[in-house]
Ligand code: EPZ
């Protein structure tokens, strides 16, 4: 495991090009399992998680090539219906291959995703959804087997919470259920779901309503080849925007979709940052201590949980007390303990963080507990006096392409050291 050494006190300055969205690329790659013809996917970020999904596709017999942010996927005529445990253990998003693989092979087995450092993450909505689509589900020794038992004319799937992964999993699976009309109620509305639907529609799927709480899918018997470009990563963009404001810098974010980032833009605005939107560019500038915020984290279009750790790092030096209520992953606060080492003053009570702003943070040795926690520690390190060493930092490369290069171009002084 490597370390990131961050020398604090430098204002970020310059421009940064935002990569394609990890959380759109992963379900789109899972959806390629449904195809009989090759596809080209552009603007794919070169990240550990994308490499893991490629490994899964190869393990079931696909031919995959990745060059300069473009992936070429060539399906196999003889698919294997079993996915090895190792990649599923590494990445929860790999569970979304179960449904499409079961459609193509008649039945498929995938291990249950392993424990997760951002809290309990069950898959009950996925399994119940697949049952509603006519699959039988057996869970034995940590392996889930899905088998297509019935061909239904119409299915209704209702999610008790608008789960991103379950919405994607059911939408992908339903796309190739020929003769079946599926209606998903209380679907997640994240932009990554719209991108996945656009990809599937380009391949010939019939999907209406992606981006709303109700999605309707008319299953087809075949999906064809297409070319697709992944949307910009709103979480990577939000992280650089927060880092710019946190260091009281001035940064131009290029290749972004500001319309996907309104909750984050609004929060930064309220904290005193100046934000200018110009097409696909976003300029973030900040000259003062942030004002404290009352912030509720919620499913899209609410403030994203994947920016909550970074926001806590930023508000640690606010001029007053902030309250952050997490409603998506209620125990996603592992970063708080590490940020405390740098001087954060905060209390945690039942899904809420109360952050008492301090004048400044002080660099020290900390440990990254998960991907976004690592991003929060980088932001805190950039703001802090002196040097911060972030241990076990490699998880950050699951979600941030060329992180050290991009930060260096913005004048940050950061060095990655192999462990
Ligand atoms: C996706 O995870 C993202 N991952 C996460 O990004 C993100 O934090 C999360 O959505 C919320 O926005 C990908 O897109 C690959 P959920 P997902 O199902 O789909 C509960 C990052 O840092 N739930 O929307 O796994 C669940 O426990 C990551 O990039 C069930 O109870 O999240 C949570 O409380 C990490 N049963 C809530 O729903 C289920 O079967 C939302 O989870 C499924 C979910």
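Structural remarks
- Computed from Cα positions, the angle between helix 371-383 and the longest principal axis of the chain comes to roughly 20 degrees.
- Mean Cβ neighbour count within 10 Å, used as a protection proxy, ranking 250-256, 204-210 highest first: 250-256, 204-210
- Tilt relative to the chain, helix 48-59 - C-alpha long axis, 0 to 90 degrees, to 10: 20 degrees
- With 0.36 nm allotted per residue and the present C-alpha distance subtracted, the residue 278-residue 214 stretch has 19.9 nm of extension available.
- Between residue 413 and residue 85, the distance separating the two model label sites (each 7 Å from Cα on the Cα→Cβ line) works out to 4.7 nm.
- Residues of segment 6-44 with amide N under 16 Å of a point placed 7 Å along Cα→Cβ from residue 266: none
- Most to least packed among 388-395, 405-412 [average Cβ atoms within 10 Å]: 388-395, 405-412
- Taking 305, 349 and counting other C-beta atoms within 10 Å, the order from fewest to most: 349, 305
- Rounded to the nearest 0.05, the FRET efficiency derived from the C-beta distance between residue 225 and residue 152 at R0 = 35 Å is 0.80.
- Within the chain, helix-based [θ] at 222 nm, where runs of 4 or more DSSP H residues each add -39,500 (n - 2.57), nearest 500: -9000 deg cm²/dmol
- Ranked by how many other beta carbons lie within 10 Å on average, peptides 169-179, 61-71, 124-134 from highest: 169-179, 124-134, 61-71
- Computed over segment 319-404, the P(r) curve from all C-alpha pair distances, binned at 10 Å from the origin, holds 17, 48, 31, 3 percent per bin.
- Hydrodynamic radius by Kirkwood, which averages 1/r over all alpha carbon pairs of segment 22-224, in angstrom: 16.5 Å
- Most fluctuating residue given options 138, 370, 306, as computed from a GNM of the chain linking Cα atoms under 10 Å: 138
- In the chain, the convex hull through the Cα atoms has an average projected area of 18.1 nm², a quarter of its surface area.
- FRET efficiency, 1/(1 + (r/R0)^6) with R0 41 Å, evaluated for residue 76 and residue 140 via beta carbons: 0.95
A short reminder: the numbers here are calculations on the coordinates, not readings from a lab. Note that the structure is predicted; figures quoted are calculated from it, not measured. Neighbour counts are summed over all protein chains in view; Cβ atoms, including those assigned to glycine, are modelled from backbone coordinates with ideal geometry.
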